[in-house]
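Colleague: Let me give you the structure first, and then I'll get to my questions.
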Amino acid sequence: MNKTEINLRFLAACATAREAGMLVRTRFLERDNVLKLKFKGPQDYLTETDGEVEQLIARRLADVFPDDAFLGEEYGGDIDDKLWVVDPIDGTADFARGVPYFCVSIAFVLRGNTEIGIVYDPMADELFTAIRGGGARLNNRPIKVSEIAKIEESVIELGWSSRVPFDGYARVHARFNELGASVKRCGSGALGLVYVAMGRQDAYCELHINAWDAAAAALIVQESGGWTNPFLTPECLQRGNEIIACTPQLRNIIEESMMLGH
Ligand code: IPD
Ligand code: CA
């Protein structure tokens, strides 16, 4: 695929993320004050907006690139050489509970490599973008990871979901605390990762996360000078993977600590 075709996809993905984000924002602002919460399973919220927004994104991309495949959190899809990987709302629990911390995530993956990553936070109007080899940007301004090199000065976000046993998470959490890091968990893997890309925190780690949560944001971290594990393997597209993303100086100590989780 040539550069022009990648650039066309980048522009379409940015416009689609903004439009989708505006729909998420509208649905968030018009929600009832008395929340009628629905669940798919324990701690797994069901909102109609996730499906509505995923369909909008799938339609917009299929209109312009009818031959590209599509994999989304809500309706799944088929994996192919030219593939869009989409999370319509990452941070669904916060969205459902009325907390304004969530985003739209769109990645374009060519023969297994993420070429484009877009994460849009519609409440803060922050559009994080990257094209492989072209650097990372926030609202079109270049961003880079922090220069924090000491774990005792670092802020680490450690995500967790009930897909993995709690004791592994607890061991890693304890280790980071013993090492002197400030450890938090906020509820959107994609936003947690792009916050690393722009130096708001120094690492984002999770023992298991799905491809649609982290594919776009992992490229944004790499393009902002950060390090990530080889996240988007072929198995990851089917089943998810561990994600470790941090400043290059923190790589060894964070990788070692994450091993305690397995
Ligand atoms: C979840 C969030 C959460 C992470 C989970 C994800 P969702 O996605 O990214 O921060 O810890 O692993 O499943 O359910 O909000 O789309
Ligand atoms: Ca998600």
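The values are calculated or read from the model by the stated rules, or taken from the named source; none is laboratory data. Keep in mind that this is a model prediction, so the values were computed, not measured. Note that each Cβ is placed from the backbone with ideal geometry, even for glycine, and that neighbours are counted across all protein chains shown. These area figures cover heavy atoms from the full protein model, side chains too; ligands, DNA and RNA do not enter into them. Shrake-Rupley method; radii C 1.70, N 1.55, O 1.52, S 1.80 Å.
Colleague: Give the stretch 22-62 a look and list any residue that's among the small types (Gly, Ala, Ser) and surrounded by fewer than 10 Cβ atoms within 10 Å (Cβ to Cβ), or say none.
Modeller: Scanning the stretch 22-62 gives a single hit, GLY41.
Colleague: While we're on this one: Filter the stretch 177-212 down to the residues that are within 16 Å of ligand 2 (Cβ to nearest atom) and without any contact (Cβ under 8 Å) to a residue 40 or more places away in the chain, then identify the one that is nearest to ASP87 (Cα to Cα).
Modeller: Checking each candidate, the answer is GLY192.
Colleague: Do you know which residues across the stretch 121-152 are of a type in the set (S, T, N, Q) and at positive phi?
Modeller: If the condition is that a residue be of a type in the set (S, T, N, Q) and at positive phi, then ASN139, ASN140 are the ones that fit.
Colleague: Could you please give the count of residues in the stretch 81-93 that are open to solvent by 10 Å² or more (accessible area, probe 1.4 Å) and aliphatic (A, V, I, L, M)?
Modeller: 1
Colleague: While we're on this one: Having 1 or more residues that are open to solvent by less than 10 Å² (accessible area, probe 1.4 Å) is the bar; report the strands (runs of 3 or more DSSP E) wholly within the stretch 163-247 that clear it.
Modeller: 203-209, 241-246
Colleague: So GLY76 ticks every box in (1) on the phi > 0 side of the Ramachandran plot; (2) at pLDDT 95 or above; (3) within 14 Å of ligand 2 (Cβ to nearest atom) but one. Which box is left unticked?
Modeller: That leaves (2) as the condition not met.
Colleague: If I filter the stretch 70-80 for residues that are closer than 23 Å to ILE220 by Cα, more than 16 Å from ligand 1 (Cβ to nearest atom) and surrounded by 23 or more Cβ atoms within 10 Å (Cβ to Cβ), do I get at least one hit?
Modeller: No, every residue in the stretch 70-80 fails to be closer than 23 Å to ILE220 by Cα, more than 16 Å from ligand 1 (Cβ to nearest atom) and surrounded by 23 or more Cβ atoms within 10 Å (Cβ to Cβ).
Colleague: Right, something else. If a residue must be open to solvent by 30 Å² or more (accessible area, probe 1.4 Å) and modelled with pLDDT under 95, how many such residues does the stretch 94-108 contain?
Modeller: Qualifying residue count, the stretch 94-108: 1.
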